[in-house]
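Worksheet: the structure to be examined is printed underneath.
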């Protein structure tokens, strides 16, 4: 115990800025692969900036805080605190996971945003849903019907090799709906994701976002799970 | 037992719970029914539905703390859509149509497994309650009996305000924060609920409600929830409305020890 403390102090003193001081991996805000305004007019630059710099950052900050508290409680053998922290970890950690996927799900029109999927994923979409339009329509309906805050997902069941559409509440990751589910495309339907631009007309947001959906990324993930 | 058509015939028997829900008009439901009966002897189907109740102030009266733009959207679109949605659902459901609002909320909550009508019904009620929980020139402190009760149940007003703020800021997702009078414990408490849930489902009596759905504050405060809650406490909350609700609540919950003189 004393040795660990010594190491921590020494490293801190040297100013190495390690993020793994005590073996605890902490997280930081990933950069967006595009400018804030790159997804206009489907999603406004104002929303992208707030969403990334404020909301996602807050989830990361609180996730790191909860993880530190968890490590502390685990070291002390404080079971009741360990259990109490689970909801904060699920919420903030889920927020970090989901938004990290979300940024990759989007691309400017110049970079291929909105281009329909080709290859095996395109074929899978037609097989599972009939057509891309049908998929878009279904996800729009599910997203609009979601009460409160949450996400609507296109995922692949890696065991059954089937595409699925699911919704999750709050910041629950897709895996909470099934351990074999892998997210391909997630659409944030929390009000902060669209309110400044679309106000309460969530269906319009759900229709327009497809113009900037990055199917290339989704195809990569799909081909990895279903080679 | 069915309602509507048959109700009109039994209305003269004055069985209150069969009276259809009244429109938000100025005459009492009973008077409206009697007028209808006198006017048309042939008993036509009379259906009354929920209306969108106006807040007790103009839409710009809460500026600059809650903008007219927000009120127009929040009341004019969100609250309006809940009312419309509820009416559409009730059109197709005779049994649910017959309930009063409070009963409807409890029944559709279904002990935690809510029916599809719950979200609309509860949100209609929640928003009515929310507009009335605020007033222009609000904030400051509660007075007299309500203040005494808060100090008794929280230790101090500051402690209550801290608890209320903490609940608001630690709510995950969409929901509401309430100052509520708990029937069983005969005490005031701060409670946070998810989505559309409100304290009526546990038979408790709400005194103040604050909407923490993002649409309630995003246009004015973006993601700065802390500022929104502070502004609510400092400038918006209507302690007058709270005091009136508290007074009414005391007709249902015995809060004090009766002062029995020692013989």
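The values are calculated or read from the model by the stated rules, or taken from the named source; none is laboratory data. Everything numeric in this text was worked out from a predicted model, so none of it was measured. In this analysis, Cβ positions are derived from the backbone assuming ideal geometry, glycine residues included, and neighbour counts consider all displayed protein chains.
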Residue within segment B:203-219 that is in a loop (DSSP other than H, G, I, E, B) and either away from chain A (no Cβ under 12 Å) or more than 17 Å from residue A:193 (Cα to Cα) (or both) present: yes
Some residue of segment B:217-224 being on the phi > 0 side of the Ramachandran plot, more than 16 Å from the chain's Cα centre (by Cα) and either at pLDDT below 95 or not assigned by the TED database to the domain that holds residue B:121 (or both): yes
Selected residue [within 12 Å of another protein chain (Cβ to nearest Cβ) and farther than 23 Å from residue B:194 by Cβ] from A:181, A:154, A:196, A:160: A:196
Output for segment A:193-205, where each listed residue is in contact with a helix residue (DSSP H, G or I) (Cβ under 8 Å, 6 or more places away or on another chain) and farther than 14 Å from residue A:102 by Cα: A:195, A:196, A:197, A:198, A:199, A:200, A:202, A:203, A:204, A:205
Some residue of segment B:185-197 being within 17 Å of the chain's Cα centre (by Cα), within 14 Å of chain A (Cβ to nearest Cβ) and surrounded by fewer than 18 Cβ atoms within 10 Å (Cβ to Cβ): yes
Those residues of segment A:70-88 which are part of a helix (DSSP H, G or I), surrounded by 16 or more Cβ atoms within 10 Å (Cβ to Cβ) and within 14 Å of chain B (Cβ to nearest Cβ), in sequence order: A:88
Selection within segment A:41-52 - touching a residue at least 24 places away in the same chain (Cβ under 8 Å) and either under 18 Å from residue A:100 (Cα atoms) or surrounded by 15 or more Cβ atoms within 10 Å (Cβ to Cβ) (or both): A:42, A:43, A:44, A:47, A:50, A:51, A:52
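Okay, residues lined up against (1) modelled with pLDDT of 95 or more; (2) in a helix (DSSP H, G or I):
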position	(1), (2)
A:154	yes, no
A:167	yes, no
A:200	no, no
A:205	yes, yes
A:216	yes, yes
For residue A:144: the one exception among (1) at pLDDT below 95; (2) within 14 Å of another protein chain (Cβ to nearest Cβ): (1)
Within segment B:67-104, tally of residues that are within 21 Å of residue B:212 (Cα to Cα) and not in a helix (DSSP H, G or I): 1
Members of segment B:66-86 that are touching a strand residue (DSSP E or B) at 6+ places or on another chain (Cβ under 9 Å) and either free of Cβ contacts under 8 Å to residues at least 60 places away in the same chain or away from chain A (no Cβ under 14 Å) (or both): B:66
Residues of segment B:220-248 classified as part of a helix (DSSP H, G or I) and within 14 Å of chain A (Cβ to nearest Cβ), total: 6
All positions within segment A:132-146 that are touching a residue at least 24 places away in the same chain (Cβ under 8 Å) and part of a helix (DSSP H, G or I): A:135, A:136, A:138, A:139, A:140, A:142, A:143, A:144
